[in-house]
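First the structure, in the form of structure tokens, and then the observations on it.
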Amino acid sequence: MSRVYNFSAGPAVLPESVLEEVAREMMDYNNTGMSVMEMSHRSAAFQQIIDEAEKDLRELMNIPDNYKVLFLQGGASQQFAMIPMNLMKNRVADFIVTGQWAKKAYQEAQKYGKANKIASSEDKTFSYIPDCSDLPISPDADYVYICENNTIYGTKFKELPNTKGKLLVADVSSCFLSEPVDVTKYGIIYGGVQKNIGPAGMVIVIIREDLISEDVLPGTPTMLTYKTHADAGSLYNTPNAYCIYVCGKVFKWLKNMGGLTEMQRRNEEKAKILYDFLDSSKLFKGTVVAKDRSLMNVPFVTGDKDLDAKFVKEATAEGLVNLKGHRTVGGMRASIYNAMPKEGVEKLVAFMKKFEEENA
Ligand SMILES: *Cc1c(COP(=O)(O)O)cnc(C)c1O
């Protein structure tokens, strides 16, 4: 067996102990004589899996009782439509556009009502988070929308925007469970799980109960109505059962590690190793404003396209893979999610130092 250090932005690295555990349970899950993949989603064994996953997630994030947890399909992208369909009662929503994912959500919402771009950082290739302390929030806005961690550009909201009393909706795909959050500050928190939690193909939606109703935009499909899934405990139709099972294992892994406070400590420690090197390097430099830096996605460049390509190629040969940056930023991006061990970041920095010496 030869494992690499996988710096992919998503689907991404998972904890090795979780992979080993699900491999051990592949042929016979908990004396059922079958894999979770083969199991009815209406079985007692699966009900226990989904109940425990929800319970552990609630514990990890300290989710209040007046919030529902939904395990849905369609990825994070489906929420770009599902949110306005369910929440845009006045057909108005305000968007803070800090990257491609926020922009996609903003564009999709325009199909359903008036989507206002109330702030943006597109003028500088999304390399910073705009000042959100006093934004022109629309008086009739149904909600204010953010993408809390910008996977492609490597920025993160360190402070939530002042929504002036309006509901906050946040896409947390790439920072899900990376640090403690105060769920009560949000109407909806959601994220695709393939960045920081589990395999691809599922989105977790944490939604305040009073936002769940039958009063949705005309024509909203049953499958895209939150109430459908809330009433059925995420089992209205066949869910992504195997994904829920693996996510449940990751929740247990996180709890065993000490929960989100400990995860934050580890993530800060890992990110510091990389950012400190970037700040001292003569060859490599980070691409975003220092105060807005993400702990999860770290883009960097040499300033020379050919040298960037050489770096990515040589790093790959060293078992440091998926470091090529997004095409809109160029250069490199190291995604260092919860499951990336500190040794992976240390190896990467050691290789960057060596590369810098060799290419000075
Ligand atoms: C990856 C990503 C998405 C898209 O996720 P899908 O599950 O592929 O739809 C949306 N938002 C953010 C912040 C992402 O990182």
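The values are calculated or read from the model by the stated rules, or taken from the named source; none is laboratory data. Everything numeric here is computed off the predicted structure, so don't read it as measured data. All Cβ positions, even for glycine, are placed from backbone atoms using ideal geometry, and neighbour counts span all protein chains on display. Accessible surface is based on the protein model in full, side chains and every heavy atom, while ligands, DNA and RNA are left aside. Shrake-Rupley method; radii C 1.70, N 1.55, O 1.52, S 1.80 Å.
The set of residues in segment 275-305 being in a helix (DSSP H, G or I) and within 18 Å of the chain's Cα centre (by Cα) consists of 292 alone.
Does residue 199 qualify as being farther than 25 Å from residue 156 by Cβ and either over 22 Å from the mean Cα position of the chain (by Cα) or within 16 Å of the ligand (Cβ to nearest atom) (or both)? Judged against the criteria, residue 199 is not a match. If I filter segment 1-12 down to residues being touching a helix residue (DSSP H, G or I) at 6+ places or on another chain (Cβ under 8 Å) and surrounded by 18 or more Cβ atoms within 10 Å (Cβ to Cβ), which single residue comes out as farthest from residue 101 (Cα to Cα)? Only one residue tops the list, namely 5.
The rows are residues; the columns are (1) surrounded by 20 or more Cβ atoms within 10 Å (Cβ to Cβ); (2) in contact with an Asp or Glu (Cβ under 9 Å, 6 or more places away or on another chain).
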position	(1), (2)
230	no, yes
254	yes, yes
276	no, no
281	no, yes
309	no, no
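Among the candidates 256, 150, the residue that is among the polar types (S, T, N, Q) and under 29 Å from residue 88 (Cα atoms) is uniquely 150. Of the residues contained in segment 179-186, one or more are found to be within 16 Å of the ligand (Cβ to nearest atom) and either surrounded by fewer than 19 Cβ atoms within 10 Å (Cβ to Cβ) or within 30 Å of residue 22 (Cβ to Cβ) (or both). Residue check: residue 329 meets all listed conditions (1) at pLDDT below 95; (2) open to solvent by less than 20 Å² (accessible area, probe 1.4 Å) but one, namely (2). In segment 125-143, the qualifying residues are those that are open to solvent by 10 Å² or more (accessible area, probe 1.4 Å) and touching a residue at least 60 places away in the same chain (Cβ under 8 Å), and the one that is nearest to the ligand (Cβ to nearest atom) is 129. When segment 144-167 is examined, which residues are found to be open to solvent by less than 10 Å² (accessible area, probe 1.4 Å) and of a type in the set (A, V, I, L, M, F, W, C)? Correct list: 144, 146, 147, 157.
In the set (1) part of a helix (DSSP H, G or I); (2) closer than 19 Å to residue 344 by Cβ; (3) open to solvent by less than 10 Å² (accessible area, probe 1.4 Å); (4) of a type outside the set (A, V, I, L, M), the condition left unmet by residue 272 is number (3).
The set of residues from segment 162-178 being more than 9 Å from the ligand (Cβ to nearest atom) and among the aliphatic types (A, V, I, L, M) comprises 167, 168, 169, 170, 177. Any chance you could count how many residues in segment 57-82 are open to solvent by 20 Å² or more (accessible area, probe 1.4 Å) and assigned to a loop (DSSP other than H, G, I, E, B)? Adding up the residues that qualify gives 6. Among residues of segment 86-106 being more than 16 Å from the ligand (Cβ to nearest atom) and open to solvent by less than 20 Å² (accessible area, probe 1.4 Å), the one that is nearest to residue 155 (Cα to Cα) is 94.
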